[in-house]
Amino acid sequence: MRQASKTAWLAIPFVVLILGGLTNLCWGADGGRRFAHSDSDKRYLHHIVLYDINNRKITPDSDQPYSPKNTCGRCHDYETISHGWHFNAFRSHTLRAASTNSSDDSANLEDSERTNAADSSHERVTDGRPGEPWIWTDSRTGTQLPLSYRNWPGRFNPDAIGITELEMVRHFGGRLPGGGMGSQDERPSAETTDADSTDEVPPSRWQLTGDLEVDCMVCHAVSGAYDFELRRDTIGSENFAWAPTAALRLGEIDGSVARIKEGTDPDDPRTQSKIPKVKYDANRFGPDGSVFMDLVRHVENNACYQCHSQRTVGDDGIESRFIHDNDVHLRAGMNCTDCHRNGIDHQIARGFEGEQHPESFASMTTLNCVGCHLGTDFYLDEEDRENSITQLEITNRPGRLGAPLPDHDGLPPLHFEKLTCTACHSGPVPSSSAAGLMTSLAHGLGEKAHRTGEELPSIRGPLFIPEDSSHPAAMHDSTGDQDSSDNHAGSSDSRPSGPDARVTVARGMWPAYWGEMLDGNVRPLSPEKVYAATRRSLRVRRGFIEEISKPKLSSRDLVELLGEERGKVDPSEYTAEERDQVDALQLKEGEALFDEKVAASLEAIQEELDVQQAVYVSTGTVYALAEPEPAETNDAEEEPNPKKATTTDNEADAPNRLRTVSVGNPDAVSMVSWPMAHNVRPAGWSLGATGCLECHADESVLFASTVTPVGPAPAVGTAVTMASLQGIDEADRLLWNQMFGGRKWYKLLVAGSLVVLGVMMLLGLAAAANRRGGLATGSLATSERTS
Amino acid sequence: MLTLIRNLTFGVVLLAAIVLFGTSLPTWWGGHFGGYRLLAHMFASGLVVVGLPVYAILRWTDWLSPPMPSRGSSWTFWTLLLTGFLTIASMYACMLPSTSTPWMITLIDFHGWIGATMLVAAIAHLVTFRRANSTAN
């Protein structure tokens, strides 16, 4: 018995070795992954067999959509890829939900285990530098609500507002590459989200829509092989699982989940019969049943443009594309993915300094302006540079990807401590006031539509603000508790803040939403519920702005205002004075309508959604219902009503139904911003290219350009200078500018001083030489006399 | 009268040099140079730019006729002029639109060291000058 036991113990190491060997075989010797790869720069042709969600092979006779997960995932590490940057937009929420769920369990763990779990959780929930929020826009209710599952300042967590994952995918799925909330694997389980709910759980609509899986072809398909428009339409029809099939035009999709009533039992045979079916194009299948997927490893720019385009809106509307130059990097022949690259984990390099990238090796972390153009040791002083390990690496030297080394002639190094590279080099050419901006994610660029540039959401830029100012205090006088609202993300710790924060170029917007007041703080309400509650009171068909805030004037009004003849001409023929008159009347009527309809809607929300005090937020202002007797019952927080003179003549004596109130969480109503990096302008178009006075002057765009709060409400916001957003005292700025104004004369003075000093020293040298010569002559004469 | 003007000019230069050194002190330990400290530094630099050549002209006459200044006084005077010249020149080069960032960093570093040397030279000149004066008296 003892001998047998001894033999068993001796066998253990062998078993371990054998198992290890088997594991190695299974995962292969190819860098630790179990998937084969071509290891060539050449393009690998993908003639592949398609599989559906149930892992059944798809033939021309199949009626189920193909599943990227089961098709691409056969040869590629779908699990790893699906946690990449573009697919984890909703993942922080899932991880946090899981973390919260497991926190109770962790109470039973040993201390060391709990620490490891916490560290692991902390490591994985990384939100990165704030980016563009998902802006829930509803032009009917005047809503532009910045959302994000990432813990970014100024954004609201959809879950806390009551926006479900399904609503998020329905609303934003057209711009999602799939995964995250769209995928069953990533959604928080029902037990997690509704742990305390005792209500009967309604049948999940996800069973009808299917998952919006990570669709590899969104990015990897060659330009022209993937129909983004059809994908959006398919997602708009709630045919989430059918979107990849439709976008590749592999067949026709017959049916729409959107037409199936909410709450329908998915297992009902009648419902099943309504579920969309695919009619595959047999010509797409080869003799062996495979389908050619026309794709590339390095994603083409066209795929990026789908979600990363931007248009500038000037006084004359959307600026034409032909007047805009492209990013200098693209003009130089580069592609987006030359810098924004990734490994199999698809953690794409976002390309800003200080980026915490999972791939910590330098070739990823140096993919930013400084890394390529100036080298990673640019900020180190001489001593540190000599001791720097990275300096020993050739790949850390400047000039990566052929980047030119900028001399920055005449630019004091102080500027690198005060400004990001993008502040001077990136974004639309700045002018005296921030322009309107339209983005793919916010305005659906890429879709065929009649845009004027005034569509919500109203985004402004370029803004020159500190890196940490997603909520510049300068935009709001009140100093409320920044984290008092539990559904509103506080400041991020991932960026430098305070005096060390550099000025960067950014976009910004003012949230507009319907909310409720809770303990002095404002909290948004679910936009869908708000729409249902205000549909009758607002009665908006097309847009809040054109029907309420800026209503079209009747021909009678125009004739009364401009006279019989001019009142009938086309608006494009108005003189500037007439335009101002029309605008003033439009604003006046808009304010009256706004007062009436918003007040009625607030009442409707309070009644239908059981809200104690409903409010409407727009342009940095919070509107609430006026008290019945304002003169006697106004509380301390009431502010003067700015619309005292907004009533029409007929209603001159009618009391205003709205009042503005201040809130304890001003960050929930003030500007939300996010940095921009592209397009990078040529060096000659960068700020300061012509000298110091381009910025150090009273009217410079870097400091004196303004941004005016804009939103759906007919309120004219106060323009704010960039200097005030940067926290710079105006008197100090003007003082410095005066010094720079006299810089040219000071240079002459210094040159004169140097000349005088130089001459004096030369004269001194000459005198010394003369004395020495005199002495030498004297001594020679003495010696001659002696001899 | 000339002596008074000369002494006053040197006093202004010495005072400005002290202010210049004092305002730049935090940067010697990696501190940030900006705001009012930089403003004061720039104002004081103007005094040196004007005061030092004036003092040089007024003092140079001492070497034209006997009695010649003492050896110590001579050395500190010319050192003051040389370090002052280099201090001003290094900053002037930074103000030119042709100096690149790496050169500017080197020049600013040099400016700091040579500026500190100028202060030492100015103090030494004060000491030697006073000693020479008291000996003469």
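The values are calculated or read from the model by the stated rules, or taken from the named source; none is laboratory data. All figures in this text were calculated on a predicted structure; none of them were measured in a lab. Reconstructed Cβ throughout: ideal geometry from the backbone, glycine too, with neighbour counts over all protein chains shown.
Here are the numbers for the structure shown:
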{"item": "Strands (runs of 3 or more DSSP E) (entirely within the range A:596-665) containing at least 3 residues that are on the phi > 0 side of the Ramachandran plot, touching a Cys at 6+ places or on another chain (Cβ under 6 Å) and at pLDDT 90 or above", "result": "none"}
{"item": "Residue list for the range A:86-101, filter: in contact with an Asp or Glu (Cβ under 9 Å, 6 or more places away or on another chain) and either β-branched (Val, Ile, Thr) or at pLDDT 80 or above (or both)", "result": "A:Phe87, A:Thr94"}
{"item": "Among the candidates B:Leu119, B:Leu126, B:Leu52, residue that is within 12 Å of chain A (Cβ to nearest Cβ), assigned to a helix (DSSP H, G or I) and hydrophobic (A, V, I, L, M, F, W, C)", "result": "B:Leu52"}
{"item": "Flag if A:Ala434 is touching a helix residue (DSSP H, G or I) at 6+ places or on another chain (Cβ under 9 Å), closer than 22 Å to B:Gly34 by Cβ, of a type in the set (Gly, Ala, Ser) and crowded, with 17+ Cβ neighbours inside 10 Å", "result": "no"}
{"item": "Some residue of the range B:28-40 being farther than 26 Å from A:Gln738 by Cα, part of a helix (DSSP H, G or I), more than 10 Å from chain A (Cβ to nearest Cβ) and more than 20 Å from the chain's Cα centre (by Cα)", "result": "yes"}
{"item": "Qualifying residue in the range A:337-358 (condition: assigned to a strand (DSSP E or B) and surrounded by fewer than 18 Cβ atoms within 10 Å (Cβ to Cβ))", "result": "no"}
{"item": "Subset of the range A:404-431 (residues that are touching a helix residue (DSSP H, G or I) at 6+ places or on another chain (Cβ under 6 Å) and modelled with pLDDT of 90 or more)", "result": "A:Cys421, A:Pro430"}
{"item": "Qualifying position, being more than 12 Å from chain A (Cβ to nearest Cβ), out of contact with any Gly (no Cβ under 7 Å at 6 or more places or on another chain) and either among the β-branched types (Val, Ile, Thr) or surrounded by 14 or more Cβ atoms within 10 Å (Cβ to Cβ) (or both), among B:Thr23, B:Thr9", "result": "B:Thr23"}
{"item": "Close pairs from the range A:307-322: first without any contact (Cβ under 8 Å) to a residue 40 or more places away in the chain, partner crowded, with 18+ Cβ neighbours inside 10 Å and not in a strand (DSSP E or B), Cβ under 9 Å, at least 6 apart", "result": "A:Asp316/A:Gly453; A:Glu319/A:Pro428; A:Glu319/A:Gly453"}
{"item": "Residue among A:Ala449, A:Ala442 that is free of Cβ contacts under 8 Å to residues at least 12 places away in the same chain, among the hydrophobic types (A, V, I, L, M, F, W, C) and away from chain B (no Cβ under 14 Å)", "result": "A:Ala449"}
{"item": "Close pairs (8 angstrom Cβ cut-off, 6 or more residues apart or separate chains): touching a residue at least 24 places away in the same chain (Cβ under 8 Å) in the range A:558-572, hydrophobic (A, V, I, L, M, F, W, C) anywhere", "result": "A:Leu558/A:Val582; A:Leu561/A:Leu553; A:Leu561/A:Val582; A:Leu561/A:Leu585"}
{"item": "Any helices (runs of 4 or more DSSP H) falling wholly within the range A:673-778 and containing at least 3 residues that are surrounded by fewer than 16 Cβ atoms within 10 Å (Cβ to Cβ)", "result": "A:730-741"}
{"item": "Test for A:Gly688: is it within 12 Å of another protein chain (Cβ to nearest Cβ) and modelled with pLDDT of 85 or more", "result": "yes"}
{"item": "Selection within the range B:85-107 - within 19 Å of the chain's Cα centre (by Cα), within 7 Å of chain A (Cβ to nearest Cβ) and among the hydrophobic types (A, V, I, L, M, F, W, C)", "result": "B:Phe85, B:Ile88, B:Ala89, B:Cys94, B:Met95"}
{"item": "Residue within the range A:257-264 that is in the same structural domain as A:Asp185 (by TED's automatic domain parsing), free of Cβ contacts under 8 Å to residues at least 40 places away in the same chain and either of a type in the set (Ser, Thr, Tyr) or out of contact with any helix residue (DSSP H, G or I) (no Cβ under 8 Å at 6 or more places or on another chain) (or both) present", "result": "yes"}
{"item": "Hits in the range B:61-84 - residues which are surrounded by fewer than 17 Cβ atoms within 10 Å (Cβ to Cβ) and either outside any loop (DSSP other than H, G, I, E, B) or facing another protein chain (nearest Cβ under 7 Å) (or both)", "result": "B:Thr61, B:Asp62, B:Arg71, B:Gly72, B:Trp75"}
{"item": "Complete set of residues in the range A:402-412 that are in a loop (DSSP other than H, G, I, E, B) and more than 13 Å from A:Cys692 (Cα to Cα)", "result": "A:Ala403, A:Pro404, A:Leu405, A:Pro406, A:Asp407"}
